[in-house]
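Reviewing the structure listed below.
The values are calculated or read from the model by the stated rules, or taken from the named source; none is laboratory data. In this text the structure is predicted, and so the values were computed from the model without any measurement. Cβ: placed from backbone, ideal geometry, glycine included. Neighbour counts: every protein chain shown.
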Amino acid sequence: MRSSALKFLKEKLIQLIPTLVGISLFSFFIIRMIPGDPVMLMLGERGSDPKVYQEMTRSLGLDKPVLEQYGIYMKNAVQGDFGRSIVSKRPVTDEFFARFPATLELGVCAMIFAILIGIPAGVYAAVHRNSIPDYILMGGSLVGYSMPIFWWGLILIIIFSVNLGITPVSGRLSVMFDVPTITGFMLIDSLSPQVLADEGLAPFFSAIRHLILPTIAMGTIPLAVVARMTRSSVLEVLRAPYVQTAKAKGQSFNKVVWKHAFRNALIPIVTVIGLLFGSIITGAILTETIFSWPGIGKWLVASIHARDYPVIQGGILFIASMVIMINFLVDIIYSYVNPKIR
């Protein structure tokens, strides 16, 4: 069994290499197919002296053949150097990790929102199969899965921010507060001793209010997937002989559902949650753009407009690597939980 597990792990690791290389090729060449010259954008609409243009092009390494540029980029990337932003002149790695906590905080909150609502809804729908609540919950999950994030985000802003004035429109914190960056996670930094002594809990509640709409917008699709997967998995387990035996022994209905059925239905649910958490990071691009959330999604969109090649290449590679590693860990955990996978 140990040899089969090691063989499975080795195969999965080998599969990561061509995937990462393919993503690096895609991110490197696709941005160069978009119309626009980063040097001209930096020099301004009126242009500049041809000598200045050539000198800047040479300093950025854009005068070399594309394949040679890719070779240099990959050589540096393997050493941990992903270049410097054309716009800010800062290392891409520094810019990415400065914005990543904001994206991770939003992604975790969206996933918690999806799990806390999706799992109970799925279990309830499975227990009350073919009833009106089942049809309503599953119909709602289908609608939630089908809604585009950009449309849903704008609807939430119009209802709760513009019309009702309950939640802020954008940002992570009210301009009234100045919270020093310690961890990059606003919910944690707003509870630092210094902030609590100066402002109390007001910054923390402000951070929560700013999180509400982006969390709902980003978490709606994962919620729908979790609810439908939970219903399907629990329904399958409820038909199992050991569940019928537990019922025949006179155990309470709640104990049968939550102790026997739900626990044994968790394996596919956990797998889906792990995969969704990887995809939810990529879904941050639209959500962060709509709500002006200062994370990596908004950063990448701004970089695309500026034709900031190093930022786009590095950002896509970082995000793809994270998604691949999350999927890899889910596969490994699942293979140990269910040996049939190996």
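Modelled with pLDDT of 85 or more, closer than 22 Å to Leu137 by Cβ and not β-branched (Val, Ile, Thr): which single residue out of Ala217, Ala265 fits that description?
Ala217
Residues that are among the β-branched types (Val, Ile, Thr), under 23 Å from Thr289 (Cβ atoms), out of contact with any helix residue (DSSP H, G or I) (no Cβ under 7 Å at 6 or more places or on another chain) and without any contact (Cβ under 8 Å) to a residue 40 or more places away in the chain: does the stretch 160-170 have at least one?
Taking every residue of the stretch 160-170 in turn, at least one turns out to be among the β-branched types (Val, Ile, Thr), under 23 Å from Thr289 (Cβ atoms), out of contact with any helix residue (DSSP H, G or I) (no Cβ under 7 Å at 6 or more places or on another chain) and without any contact (Cβ under 8 Å) to a residue 40 or more places away in the chain.
If only one of Phe97, Phe113, Phe185, Phe177 is surrounded by fewer than 20 Cβ atoms within 10 Å (Cβ to Cβ), aromatic (Phe, Trp, Tyr) and either within 30 Å of Gly61 (Cα to Cα) or outside the structural domain of Gly274 (by TED's automatic domain parsing) (or both), which one is it?
Only one candidate qualifies: Phe97.
With respect to Ala121, is the statement that it is over 17 Å from the mean Cα position of the chain (by Cα) and buried (at least 17 other Cβ atoms within 10 Å of the Cβ) true?
Here the answer is yes, as Ala121 does meet what is asked.
Filter the stretch 276-302 down to residues that are of a type in the set (S, T, N, Q) and modelled with pLDDT under 85, then give me how many there are.
Adding up the residues that qualify gives 2.
Looking at the structure I just gave you, is Ala265 closer than 24 Å to Tyr124 by Cβ and surrounded by 21 or more Cβ atoms within 10 Å (Cβ to Cβ)?
Criteria met by Ala265.
Which one of Ala102, Ala121, Ala110, Ala125 is touching an Asp or Glu at 6+ places or on another chain (Cβ under 6 Å), closer than 25 Å to Pro222 by Cβ, assigned to a helix (DSSP H, G or I) and not aromatic (Phe, Trp, Tyr)?
Result of the check over Ala102, Ala121, Ala110, Ala125: Ala125.
Kindly provide the set of residues from the stretch 188-207 that are crowded, with 16+ Cβ neighbours inside 10 Å and in a helix (DSSP H, G or I), ordered by number.
Selection gives Asp189, Val195, Glu199, Pro203, Phe204, Ser206, Ala207.
What number of residues within the stretch 168-215 are polar (S, T, N, Q) and more than 18 Å from Glu105 (Cα to Cα)?
So the answer is 1.
Checking the condition free of Cβ contacts under 8 Å to residues at least 60 places away in the same chain and closer than 30 Å to Ser292 by Cβ, which residue from Val66, Val39, Val52 passes?
Answer to the selection: Val39.
Look at Gly80 and say whether it is exposed (fewer than 13 other Cβ atoms within 10 Å of the Cβ), without any contact (Cβ under 8 Å) to a residue 40 or more places away in the chain and either part of a helix (DSSP H, G or I) or of a type in the set (A, V, I, L, M) (or both).
no
Return the pairs, sorted by first residue and then second, in which the second residue is not in a loop (DSSP other than H, G, I, E, B), the first residue lies in the stretch 176-198 and is at positive phi, the beta carbons are less than 6 Å apart, and the residues are 6+ apart or on different chains.
Gly184/Pro101
If you take the residues in the stretch 54-77 that are touching a Phe, Trp or Tyr at 6+ places or on another chain (Cβ under 9 Å) and modelled with pLDDT of 80 or more, which one is surrounded by the fewest Cβ atoms within 10 Å (Cβ to Cβ)?
Val66
Which of the following residues is of a type in the set (A, V, I, L, M, F, W, C) and within 30 Å of Gly184 (Cβ to Cβ): Ile136, Ile72, Ile119, Ile132?
Ile119
Enumerate the pairs (first residue in the stretch 16-34 and outside any helix (DSSP H, G or I); second residue anywhere and not hydroxyl-bearing (Ser, Thr, Tyr)) with beta-carbon separation below 9 Å, excluding pairs fewer than 6 apart on the same chain, so at least 6 apart or on different chains.
Ile34/Ile304; Ile34/Arg307
Being of a type outside the set (A, V, I, L, M, F, W, C), out of contact with any Leu (no Cβ under 6 Å at 6 or more places or on another chain) and in a loop (DSSP other than H, G, I, E, B): is that true of Gly71 here?
The answer is no for Gly71.
So that you can scan it fast, the table gives a plain yes or no per residue for (1) surrounded by 13 or more Cβ atoms within 10 Å (Cβ to Cβ); (2) assigned to a helix (DSSP H, G or I); (3) under 25 Å from the mean Cα position of the chain (by Cα):
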{"site": "Asn130", "(1), (2), (3)": "no, no, no"}
{"site": "Asp134", "(1), (2), (3)": "yes, yes, no"}
{"site": "Met138", "(1), (2), (3)": "yes, yes, yes"}
{"site": "Tyr145", "(1), (2), (3)": "yes, yes, yes"}
{"site": "Ile158", "(1), (2), (3)": "no, yes, yes"}
{"site": "Val162", "(1), (2), (3)": "no, yes, no"}
{"site": "Thr167", "(1), (2), (3)": "yes, no, yes"}
